[in-house]
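Some notes on the structure that comes next.
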Amino acid sequence: MDDAVQKALDLTPAADAAERTIDITTIGAKSGEPRRIEIWFHKVDGHWFITGSPGRARSWYANLVANPHFSFHLKHGVEADLPAKARPVTDADERRSVFTGMIAALPSSGNGEWPPLEAWLEKSPLVEVEFAA
């Protein structure tokens, strides 16, 4: 991985929304067709994660469960298309640890608050991103 890409992936708690915003391309669980969406990524304890704010089920998560290989597209500051693999995080203790670290590093939500930890734990998909070597 070149230095510019590594720097873009090395989020700090000071990272703003633009620095966290990427696109991912998954393969549709039912259709088998590529699906590209915009989403935030997070770095917690040296690992990268993708999640969504608490809410309804997400098709991107179903797609990654069905086919964990996807493309991680950096698009702010540096542009790169990185092959990756998703590992769903389902262990309760691991989820609590990741969401706790993630929430602590989130920038201001604009209204001053993010949903509470328990909401993330109950209603948010979570995958660890493993980049291809």
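Binned at 10 Å from 0, what are the whole-percent values of the Cα-Cα distance distribution for segment 3-131, short to long?
Cα pair-distance distribution for segment 3-131, in percent: 12, 45, 36, 7.
Can you give the net charge of the other residues whose Cβ lies under 13 Å from the Cβ of Ala62, counting K and R as +1 and D and E as -1?
Local net charge: +4.
Once label points are set 7 Å from the Cα along Cα→Cβ at both Lys123 and His76, what is their separation, rounded to one decimal in nm?
Distance between label points: 2.5 nm.
Go ahead and set up a Gaussian network model of the chain, Cα springs under 10 Å, then flag whichever of Glu38, Glu79, Glu113 fluctuates most.
Among Glu38, Glu79, Glu113, the largest mean-square fluctuation in the Gaussian network model of the chain belongs to Glu113.
What net charge do the residues around Ala119 carry, taking every other residue with its C-beta under 14 Å from that of Ala119, with Lys and Arg at +1 and Asp and Glu at -1?
For residues surrounding Ala119, the net value is +1.
Can you compute the FRET efficiency between Thr25 and Ser97 using 1/(1 + (r/R0)^6), with r the Cβ-Cβ distance and R0 = 22 Å? Round to the nearest 0.05.
Given R0 = 22 Å and the Cβ-Cβ separation, E is 0.20.
Mind putting a number on the dipole of the chain about its Cα centre? Charges go on the C-beta only, +1 for Lys and Arg and -1 for Asp and Glu, and I need it in Debye to the nearest 20.
480 debye
What residue among Ala86, Ala14, Ala62 shows peak mean-square fluctuation when the chain is described by a Gaussian network model with Cα springs under 10 Å?
Ala14
Normalising by the residue count of segment 1-129, find the relative contact order in percent from Cα pairs under 8 Å and 6+ residues apart.
30 percent
With the chain treated as a Gaussian network of Cα nodes joined by springs under 10 Å, which of Ser31, Ser71, Ser53 yields the largest mean-square fluctuation?
Sorting by GNM fluctuation, first place goes to Ser31.
Relative contact order for segment 56-133 using alpha-carbon pairs under 8 Å, separation at least 6, rounded to a whole percent?
The value is 37 percent.
Of the lysine pairs in the chain, how many meet both conditions: Cα atoms under 24 Å apart, and a spacing of 8 or more in sequence or different chains?
10
We did not get these values from a lab; they are worked out from the coordinates using the rules stated. All of these numbers come straight from a predicted model, not from anything done at the bench. Note that each Cβ is placed from the backbone with ideal geometry, even for glycine, and that neighbours are counted across all protein chains shown.
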